[in-house]
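Working notes, beginning with the structure itself.
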Amino acid sequence: MPTDDELSRFRNEVAQWLDKQCPLSMRQPLLPGESLPAGGRRMPGVSDDARAWLEAMGSRGFIKPHWRIEHGGAGLDSARVDVLAQELARVGARPPLAELNTGIKMLAPILLSHGTVEQQQRFLPLIARGSVRWCQGYSEPEAGSDLAALRTRAVLEDDCYVVTGHKIWSSYAHMSDWIFCLVRTSNEDKHGGISFLLIDLESPGITVEPITLLSGSSVFCEVHFSDVRVPRDQLVGQPGAGWPIAKELLSHERAMLGSAGGGLSGGGGGRSMSLAKLVGKAMEEQDTGARGALAERFGQHLAELAALKATTVRLRQENRRDAFMPSLIKLVSTELNMKREDFISELLGLDALGWDGDVAVPSVGRAQGWLRSRANSIEGGTSEIQLNIIARHGLKLPQGAAQ
Amino acid sequence: MSAANLVLSDEETMLRSSARSFLGAQSPVADVRALRDDPGSAGVRAKVWQQMVELEWPAMAIDDADGGVGAGYYPLGVIFEELGRNLVLSPLLTVCQALACLQRTGHQRATAVRAEMLNGRALVVLADQETAHHDPGVIGTRFEETSDGYILSGTKRFVLYGGQADAYVVSARLVGTPPHHADGTALFLVDAADPGVSIERFRLIDSQPRAHLRFTDVALSRSALIADPKSGAEVLAECTEVATALLAAEMLGSLSAALELTVAHLRQRVQFGVPIGSFQALQHRAARMLVAQEMTTSAVRAALRALDEDPGQAAEAVSVAKIWANDAFQQIAREGVQMHGGLGMTDEADIGLYLKRAQVASAQSGDSRFHRRRIATLKLDEESSAGG
């Protein structure tokens, strides 16, 4: 534990540093329509001040201050991390990097548990500084819920794996710099032939195409690999040891999606308030019988939201490590978000369903929101897959033939 | 505001395991059948009830200044969960509710009666319900003031342990006050032996003893008044929150046990050469049951914490807990019987006892329809008073 003297010296040091390094515009809250930088080499629409602030925080190791210095952190103890957070809050500094960061939340824990020292020192600092943006290459057109059926091949030739195949649903691949992929290094064993490979998206032979969804343009992409040469030292873990790593990473992803909860957690209060306004308005337009039914529906929604919040609080407090709990939270929060979207759509009637035209801009956004929500129970593992995991790990039910 | 603590402390975990071993030995699920089939039964094992009193369970949430333990409703909820696991028949719920009413009043008689209840010498229960659906707004029982006390008339229905109690806490409205006005509701202590009290004993499908009580011009002394027409409605509302939250905790224990029974059956029962629990159609339904159980656990704990913090502000959390307890218990009990197949329909299998209890407990202290409307109204009122 640092002494009070040491902490107050550190506080002064941080304060002076912030005074010089944090641009005034980065001490203002985000404007409507503005978002935090996602990091990486390509950051369209990010201001010079935001770039400078990201660079300053990153090079000082302050984005992940508790990470070790050789991993791109600042190697701070928890007392100093708290002081840093207090000083950032005091000047009203924006976070330099958006919260949902695939490199930090999903890949970094895997590199720490399975990467070599060289891999950790090569990749972690770039993640910690926000200078490289990562995306995920898991699903394939023929390997969705049955992820282990993946067919993208990686064949060892000299010092390189030669990769050929087709990945789908890679979020933000068109804005990312690197992709972590599950590839097949052997056909002998379905699960035991899978390896975990890190690939630079600028490598020759890679093409990235965004996917158009029901709701319109999206951040999802298809990524095609044609004889892409990947140095063999970019394989994480042993060849054929990729499946347990993949599952470990998926549980980090579910935790991330569950904590985002389709945007539910944290923002829950504000979101339910706007629903309350809509319901209140609809109540005024209804007769007494319809009002009762509407009140019951709204009451049920509030009860589900309240219990979900209480459950996330309880799980954090209980510090439970049960393998099925991220699946449970993911299942409940995504389904609740979808029910909310359905409820709003029903309350607004045809006003919620505009596609294009002059007058319908808010309505178009609403319809896109509703359409997009249909993916909540599919992405990050379908609800059916989550139910499999809950049955197997939560209830210890025996595995069926097809699982 | 920091989030309420929803974990069990070491002390509460110990309380849970000692309650579980006591009830496992003294009050197993099979006792529901035994008490049901015993014509002389009072709906409780006298020895078990005496031990509950000695363990100070009725006193758990009563302030220590009033002769209680002062531990609050959160640990009492842990005990109710354990009672629920074994579907224990006892008057503890209605006694805790009556005690919550008596705790709020400083009257000498109330203090004396409370002491008698806490040492197990008197059984006093709440008599407030008048209709087949829980509706605290309906009080048809009337009282008027006389020169030396009160005259009370009316009917109370579905009173738990009404045929066994020595006395009742009865809600009544002052003759001439309009039905939905806040003032005018008072609470009285009425002896079962008072002239004008008639008792009709019966049981519902869950085997808990109940009674319809008729009060015909019952003459009461001044000391029978335990909450006057200014405060009666508030006292009654608070003790109703207490009973609802404790019932939800009890239901959580019941539905958890029913889930365990069902999952054990899914693992054991072999058809088509494999355990039926390996079928995905059943696995997904069973997984949904576990989801409901986890969500109910959180909702119940949040409600008990809210009660301990401020019973006047606990309505929303209590309703959330009761909605989850109702719906999860009904879902798990119904699915449980279905997954037990033909065995589930026999009196021999325990799962059916849970189904019967689910049906009664869900209607008691408000069904989900009632509580959904209540929280919707609370939220919309809050919204419009915030300037909409």
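The values are calculated or read from the model by the stated rules, or taken from the named source; none is laboratory data. In this text, all values refer to a predicted model and were calculated from it rather than measured experimentally. Heads up, the Cβs are rebuilt from the backbone with ideal geometry, glycines too, and the neighbour counts pull from every protein chain shown.
Observations
- Residue satisfying condition, being surrounded by 14 or more Cβ atoms within 10 Å (Cβ to Cβ), without any contact (Cβ under 8 Å) to a residue 24 or more places away in the chain and among the small types (Gly, Ala, Ser), within set A:Ala50, A:Ala38, A:Ala56, A:Ala74: A:Ala74
- Output for the stretch A:208-242, where each listed residue is acidic (Asp, Glu) and either in a strand (DSSP E or B) or in contact with a Cys (Cβ under 6 Å, 6 or more places away or on another chain) (or both): A:Glu209, A:Glu222, A:Asp227
- Spans of helices (runs of 4 or more DSSP H) in the stretch A:1-97 with at least 2 residues of a type in the set (Lys, Arg) and not assigned by TED's automatic domain parsing to the domain that holds A:Ser176: A:4-21, A:78-91
- Filter pass, B:Arg114 being of a type outside the set (S, T, N, Q), more than 30 Å from B:Ala349 (Cα to Cα), part of a helix (DSSP H, G or I) and touching a strand residue (DSSP E or B) at 6+ places or on another chain (Cβ under 7 Å): no
- The criterion of being acidic (Asp, Glu), crowded, with 18+ Cβ neighbours inside 10 Å and farther than 30 Å from A:Ala52 by Cβ holds for A:Glu140.
- Taken together, the criteria exclude B:Phe370 from residues that are of a type in the set (Phe, Trp, Tyr), free of Cβ contacts under 8 Å to residues at least 12 places away in the same chain, on the phi < 0 side of the Ramachandran plot and within 11 Å of chain A (Cβ to nearest Cβ).
- For the stretch A:268-284, the candidate set comprises residues that are more than 11 Å from every other protein chain (Cβ to nearest Cβ) and surrounded by 15 or more Cβ atoms within 10 Å (Cβ to Cβ); within that set, the residue that is modelled with the highest pLDDT is A:Arg271.
- B:Arg305 modelled with pLDDT of 95 or more, surrounded by fewer than 21 Cβ atoms within 10 Å (Cβ to Cβ) and in a helix (DSSP H, G or I): no
- Exclusive hit being within 17 Å of A:Lys247 (Cβ to Cβ) and not assigned by TED's automatic domain parsing to the domain that holds A:Glu222, set A:Leu111, A:Leu124: A:Leu111
- Residues in the stretch A:143-192 that are among the polar types (S, T, N, Q), outside any strand (DSSP E or B) and surrounded by 16 or more Cβ atoms within 10 Å (Cβ to Cβ): 3 in all.
- Residue check, A:Ile389 within 14 Å of another protein chain (Cβ to nearest Cβ), surrounded by 14 or more Cβ atoms within 10 Å (Cβ to Cβ) and closer than 26 Å to A:Ser145 by Cα: yes
- Verdict on B:Val159 being in contact with a strand residue (DSSP E or B) (Cβ under 6 Å, 6 or more places away or on another chain) and within 14 Å of B:Val124 (Cβ to Cβ): yes
- Here the stretch B:368-382 is the region considered, the condition is being among the charged types (D, E, K, R) and at pLDDT 95 or above, and the residue that is farthest from the chain's Cα centre (by Cα) is B:Arg373.
- Residues satisfying the criterion are present in the stretch A:336-350 (criterion: more than 11 Å from every other protein chain (Cβ to nearest Cβ) and touching an Asp or Glu at 6+ places or on another chain (Cβ under 8 Å)).
- When we screen B:Ala132, B:Ala165, B:Ala100, B:Ala172 for residues that are part of a helix (DSSP H, G or I) and not assigned by TED's automatic domain parsing to the domain that holds B:Ser368, the only hit is B:Ala100.
- Members of the stretch A:104-157 found to be among the polar types (S, T, N, Q), more than 15 Å from A:Phe180 (Cβ to Cβ) and within 19 Å of the chain's Cα centre (by Cα), listed by number: A:Ser131, A:Ser145
- Qualifying position, being under 15 Å from A:Leu156 (Cβ atoms), assigned by TED's automatic domain parsing to the domain that holds A:Pro141 and not basic (Lys, Arg), among A:Ile199, A:Ile206: A:Ile199
- Test set (1) surrounded by 21 or more Cβ atoms within 10 Å (Cβ to Cβ); (2) touching a helix residue (DSSP H, G or I) at 6+ places or on another chain (Cβ under 6 Å) - A:Gly242 fails condition number: (2)
- Of the residues making up the stretch B:132-152, those that are over 13 Å from B:Ser171 (Cβ atoms) and of a type in the set (S, T, N, Q) are B:Thr146, B:Ser147.
- Restricting the stretch B:257-295 to residues that are in a strand (DSSP E or B) and surrounded by fewer than 17 Cβ atoms within 10 Å (Cβ to Cβ), the residue that is nearest to the other protein chains (Cβ to nearest Cβ): B:Val274
- Taking the stretch B:296-313 as the range and being more than 8 Å from chain A (Cβ to nearest Cβ) and under 16 Å from the mean Cα position of the chain (by Cα) as the test, the residues that pass are B:Val300, B:Ala303, B:Leu304, B:Leu307, B:Pro311.
- Number of residues in the stretch A:114-131 that are touching a strand residue (DSSP E or B) at 6+ places or on another chain (Cβ under 6 Å) and of a type outside the set (Gly, Ala, Ser): the value is 1.
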